[in-house]
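The values are calculated or read from the model by the stated rules, or taken from the named source; none is laboratory data. Keep in mind that what you see is a predicted model, and the values were worked out from it rather than measured. Here the Cβ positions follow ideal geometry from the backbone for every residue, glycine too, while neighbour counts run over all protein chains shown. Side chains included, ligands, DNA and RNA excluded: accessible areas come from the protein's heavy atoms. Shrake-Rupley method; radii C 1.70, N 1.55, O 1.52, S 1.80 Å.
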Amino acid sequence: MKKLLAAGPGARIEVLSPNVAGPERMARSLVALANARGGVLVIPFGAKDKVSPEEARDRALQAMLMSEPRLIAPLPYFVGSDPNAPEALIVEVPEGLPNVYSLDGRYLTRENGRNVALGARALRELMLVRGESTWESATPSGAGRDDLDWPKAEAYAQQARVGDEDAEDVLLRRGCLVKRGPQVKPTFAGLLLFGRQPQRWVRSAEILCARFGGTEMGDVFARQTIGGTLPEQIRRAEAFLAEHLAHRARLRDWQRRDEPLYPPGVLREAVVNAVAHRDYRLTGNPIHVLMFSDRVEVRSPGRLPGHITLKNLLRERYSRNEAIVQVLADMGFIERLGYGIDRMVRAMKEADQPPPAFEETEAGFAVTLYAKAIESEALPPPQTAQQQRWQKMLAYLKANGRITNRDYQELCPDVNPETLRRDFVDMVERGLILRIGDKRGTYYILK
């Protein structure tokens, strides 16, 4: 904060005295920052100020509601070592917001540390860049207040409310509800985040998770289509990842030892980014989370939004789904708006792993995370007939991806079938292989 105050007003910084910072004055700066590259509004407190910190915060909250459309941003917060006497109030405006904002019909931006009116040409260009982002704030025909799961909304409002706001007030402020005359209607964002049946309104708002046995697509041994609200989808996809691709095995004395394939949180970050930023207007195609032995691919519908390209992906910010992103941030899924890609790149670099690969297709965007390369230890020299059979089984699995009881009998034609069956049981118990299917359809894969 001291650095911000020392720098003074700039392209991304506005500093206002609490004595002159009324709701309209704050709103002008917030709208200007939102139409530019985001930034912070700092209101420092001094001994001679007539306005209390709480009053200044109330004014800031009023200011956030004055723009058209409403500014969806993190709640204002105090900074300082003494919670009873804060040094300043901070209002953050995220970079890369998707709308063009106005105040009483005026379109403002930041220029040389001042709020200035957008010229006609600049306004047209800004509207072209940000013109794709109105979908989540629309209300689907036939949807009503009762289509929301209000216990979920109440649980969210407990952590996001300000003052005596109820759950409906919070959802209105966050763009999940809108007023239509005397009624309130849920937006697409509200239905995806808190709906009773989200897929009724957005059928392709799902995650398809699949785990393949090798490095290429083949026989899928684990597959799950995940629906529900967006927070539920993230949690269930994370559970699927943890269950099916959490570690890589090393063999020591014919016992499995697990080592992490990816830095903590990286896979979750990739899923959260896909859920938060996909283009929900594109129907018929869910998010795909594809797990292979050497990588994980997360593919989401919709090309990069706005002015974002593969070249400036790490530098620029743009949020296609403003309300969805902010609610997920409130819930703790996103630590800081717009920086998930940066965290993935940094975490993979710190773990000495290949950087994430980003790809833009004709109708989508993909992130590929490569597993940690771990040199396999040599197996102990075979000392028993059983270990010799196990080596044959592991070699076959490595070459073919799967093995059946018949395959194993062909590898070991002189061995009693009951002994071979016992081998499968021992290998499963040691955590080396995984049994798939039942009865005649049973086969085994490397775990």
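Some notes on this structure:
- Stokes-Einstein D in µm²/s, Kirkwood radius over Cα pairs - segment 114-190 at 37 °C with 0.692 mPa s viscosity: 226
- Inter-site label distance for Glu54 and Met127 at 7 Å from Cα along Cβ, in nm: 4.3
- Each of Arg114, Arg70 has its accessible area taken with a 1.4 Å probe; listed largest first, they run Arg114, Arg70.
- Ligands, DNA and RNA left out, the accessible area of the chain computed with a 1.4 Å probe is 48% carbon and sulfur.
- Calculated FRET efficiency for the pair Gln391/Ala47, C-beta based, R₀ 45 Å, to 0.05: 0.05
- Length released on extending from Thr309 to Arg430, taking residue separation times 0.36 nm less the Cα-Cα span: 38.9 nm
- Taking 29 Å as the limit for the C-alpha separation, the pairs Lys372/Lys439; Lys152/Lys311; Lys349/Lys447; Lys311/Lys447; Lys152/Lys447; Lys2/Lys152 exceed it in the case of Lys372/Lys439; Lys152/Lys311; Lys311/Lys447; Lys152/Lys447; Lys2/Lys152.
- Rel. contact order, % - alpha carbon contacts under 8 angstrom, at least six apart, the chain: 12
- Where the chain is the region considered: accessible area per residue in Å², 1.4 Å probe: 50
- Distance between modelled label sites at Val40 and Gln409, nm, 7 Å Cα→Cβ extension: 7.2
- Here the spin labels are modelled as points 7 Å beyond Cα on the Cα-Cβ line, and at Ser17 and Thr225 they lie 6.3 nm apart.
- Relative contact order computed over segment 132-213 (Cα-Cα under 8 Å; 6+ residues apart), in percent: 33
- Selection from Pro140, Leu118, Met344, by position along the positive dipole direction of the chain (Cβ): Leu118
- Relative contact order (%) - segment 1-135, alpha-carbon pairs under 8 angstrom, separation at least six: 29
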